[in-house]
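The values are calculated or read from the model by the stated rules, or taken from the named source; none is laboratory data. Remember, it's a predicted structure, so these values are computed and weren't measured experimentally. Glycine gets a Cβ as well: all are built from the backbone with ideal geometry, and neighbour counts include every protein chain shown.
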Amino acid sequence: EAQVTQNPRYLITVTGKKLTVTCSQNMNHEYMSWYRQDPGLGLRQIYYSMNVEVTDKGDVPEGYKVSRKEKRNFPLILESPSPNQTSLYFCASSLWARVWSDTQYFGPGTRLTVL
Amino acid sequence: AQSVTQLGSHVSVSEGALVLLRCNYSSSVPPYLFWYVQYPNQGLQLLLKYTSAATLVKGINGFEAEFKKSETSFHLTKPSAHMSDAAEYFCAVSAFGNEKLTFGTGTRLTIIP
């Protein structure tokens, strides 16, 4: 089944404790991205990757890191999480970076709480 | 710069009634417009998209949207609401050459039995 998977689905952590949210897709997609969803703000892009070893900042990259060493994986790293990073996070992928024409497939989301 | 505005963060309709969710866009270049649906505890799923072909776009689950350039709108409609339509709906905009989708703030649709 074609899908985008994220782990963990739920995470409660404390301020400053490094964490990684994994994202994997099995559709051989070149383009992957991370969003955060907050009430009243919709989805905002954190980082995106047009292909392996190529990543770039989205609208809200502060406090996050990403890497793209393999085509299928695009982990999101929070080196020192803070309470303002409490949010619902989505990974997405599409065949190419033509978001205007290529359908983006979204993962199920990771709900992160930072205490 | 591109943006979308969704009017009404919450909309309630009776089962069988017309669903109308509003989206207005702002774009300096011809836009591509999208509607996504998010069911509880799930990721977003594409409902339909406008990419400069027909202005009336039909999507999944009986939804459709009409691109109106003069009104800068892309409202989502469905003639008869079902209970299964209860979800959050997001309008989004992009443009040729832009590797980014810009989302609206979402509209939560509640269906009243």
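Criterion applied to B:Tyr50, B:Tyr39, B:Tyr32 was being farther than 21 Å from A:Ser101 by Cα and at pLDDT 90 or above, and the one residue passing it is B:Tyr39. Grab the strands (runs of 3 or more DSSP E) fully contained in the range B:1-92, keeping just those with 2 or more residues being within 14 Å of chain A (Cβ to nearest Cβ), free of Cβ contacts under 8 Å to residues at least 24 places away in the same chain and more than 14 Å from B:Arg108 (Cβ to Cβ). Qualifying strands (runs of 3 or more DSSP E): B:44-50.
Can you spot a residue in the range A:20-33 that is in contact (Cβ under 8 Å) with a residue 24 or more places away in the chain, closer than 17 Å to A:Thr113 by Cα, within 12 Å of chain B (Cβ to nearest Cβ) and over 11 Å from the mean Cα position of the chain (by Cα)? Scanning the range A:20-33, I find no residue that is in contact (Cβ under 8 Å) with a residue 24 or more places away in the chain, closer than 17 Å to A:Thr113 by Cα, within 12 Å of chain B (Cβ to nearest Cβ) and over 11 Å from the mean Cα position of the chain (by Cα), so the answer is no. Check the range B:96-104 and report whether any residue there is under 11 Å from the mean Cα position of the chain (by Cα) and part of a strand (DSSP E or B). Within the range B:96-104, one or more residues are under 11 Å from the mean Cα position of the chain (by Cα) and part of a strand (DSSP E or B). Inside the range A:23-49, residues that are surrounded by fewer than 16 Cβ atoms within 10 Å (Cβ to Cβ) and either aromatic (Phe, Trp, Tyr) or within 15 Å of A:Arg72 (Cα to Cα) (or both) make up a count of 3. Among the residues making up the range A:1-24, those that are under 12 Å from A:Phe106 (Cα atoms) and modelled with pLDDT of 95 or more are A:Val4, A:Thr5, A:Gln6, A:Cys23, A:Ser24. A Cβ distance below 7 Å, combined with a sequence gap of six or more or placement on separate chains, defines the contacts here; from the range A:89-115, residues that are more than 7 Å from chain B (Cβ to nearest Cβ) reach residues that are acidic (Asp, Glu) in the pairs A:Ser94/A:Asp102; A:Leu95/A:Glu30; A:Leu95/A:Asp102; A:Trp96/A:Glu30; A:Trp96/A:Asp102.
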